[in-house]
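**Q** Sharing a structure here in structure tokens format.
The values are calculated or read from the model by the stated rules, or taken from the named source; none is laboratory data. Here the structure is a predicted model, which is why all the values come from computation and not from measurement. Glycine also receives a Cβ, built like all others from the backbone with ideal geometry; neighbour counts cover every protein chain displayed.
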Amino acid sequence: MKRLLLSLMAAVILATGFSANADNYSQTITDFKSSPATKEFFNKAYGYAVYPTIGKGGLGIGVAHGKGLVYKKNKKVGKTSMTQLSIGFQLGGQVFSQIIFFQDKRSFDEFTSGNFEFSAGASAVALTAAAQAQVGSSGISSSQGTDSNSTKQNKAIYHKGMAVMTLTKGGLMYEAALAGQKYSYKVL
């Protein structure tokens, strides 16, 4: 079991690459800004964390990992990484981009305090059709699918001052799993 987990983690790290360059961050932010669902968040958020590529894989036990940057009032202020472990029915792999908006100074400070974990009630809004993402430290949570070209958008909302959105880049993942996401932060 331990070997399987290590193999999955190695595959996810290789799939996401060892580092993202500045163009990846700029393009990812542009991609998120192209969705009408993010307009108000970019206009009003205190800050945000962006992860250009998160790789996720699972076969009973799942792992996901990605690196990102944290912005405060549109200026880079730190580096972040996300690691997720999950257990339950899951099969496949997926690569996606993620952004976390911070509504105010309190939520920004909570995230940047060092090590942060999402609570059970958090969920992500997927900005591409039929995309799925899972965010939560206990319990099953699923995302809402929406097409960025559609006039019928699912509304993203803040949960404890944070709103999470994803853009699927590729892959196929079947899952009904319990998962926990842990984030780290380092000042630039």
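**Q** Consider only pairs whose beta carbons are under 6 Å apart and that are at least six residues apart or on different chains; among these, list those whose first residue lies in the range 81-105 and is among the acidic types (Asp, Glu) and whose second residue is modelled with pLDDT of 95 or more.
**A** Taking only residues 6 or more apart or on different chains, the pairs are Asp104/Tyr46.
**Q** Where residues in the range 21-58 are modelled with pLDDT under 95 and within 28 Å of Ile87 (Cα to Cα), which of them is surrounded by the fewest Cβ atoms within 10 Å (Cβ to Cβ)?
**A** By that ranking, first place goes to Thr53.
**Q** For the range 84-110, which residues satisfy the criterion of being of a type outside the set (Gly, Ala, Ser) and more than 19 Å from Val125 (Cα to Cα)?
**A** Leu85, Ile87, Phe89, Gln90, Leu91, Asp104, Lys105, Arg106, Phe108, Asp109, Glu110
**Q** Residue by residue through the range 46-102, note down the ones that are basic (Lys, Arg) and over 27 Å from Leu172 (Cβ atoms).
**A** The answer is Lys72, Lys73, Lys75, Lys76, Lys79.
**Q** Right, something else. Could you tell me which of the residues Val95, Val70 is at pLDDT 95 or above and aliphatic (A, V, I, L, M)? Can you show your working first?
**A** Values: Val95 fails: at pLDDT 95 or above.
Answer to the check: Val70.
**Q** Also, I was wondering about something else. Cβ-Cβ under 7 Å, sequence separation 6+ or interchain: first residue in the range 159-188 and without any contact (Cβ under 8 Å) to a residue 60 or more places away in the chain, partner buried (at least 21 other Cβ atoms within 10 Å of the Cβ). Which pairs?
**A** So the pair list comes out as Lys160/Ser107; Gly161/Phe102; Gly161/Ser107.
**Q** Quick check on the range 101-115. Is at least one of its residues in contact with a strand residue (DSSP E or B) (Cβ under 7 Å, 6 or more places away or on another chain), part of a helix (DSSP H, G or I), small (Gly, Ala, Ser) and modelled with pLDDT of 90 or more?
**A** Scanning the range 101-115 turns up at least one residue that is in contact with a strand residue (DSSP E or B) (Cβ under 7 Å, 6 or more places away or on another chain), part of a helix (DSSP H, G or I), small (Gly, Ala, Ser) and modelled with pLDDT of 90 or more.
**Q** Which one is nearest to the chain's Cα centre (by Cα) among residues in the range 76-125 that are hydrophobic (A, V, I, L, M, F, W, C), surrounded by fewer than 20 Cβ atoms within 10 Å (Cβ to Cβ) and under 21 Å from Val187 (Cβ atoms)?
**A** This residue is Phe116.
**Q** Which ones in the range 73-91 are aliphatic (A, V, I, L, M) and at pLDDT below 90?
**A** Matches in the range 73-91: Leu85, Ile87, Leu91.
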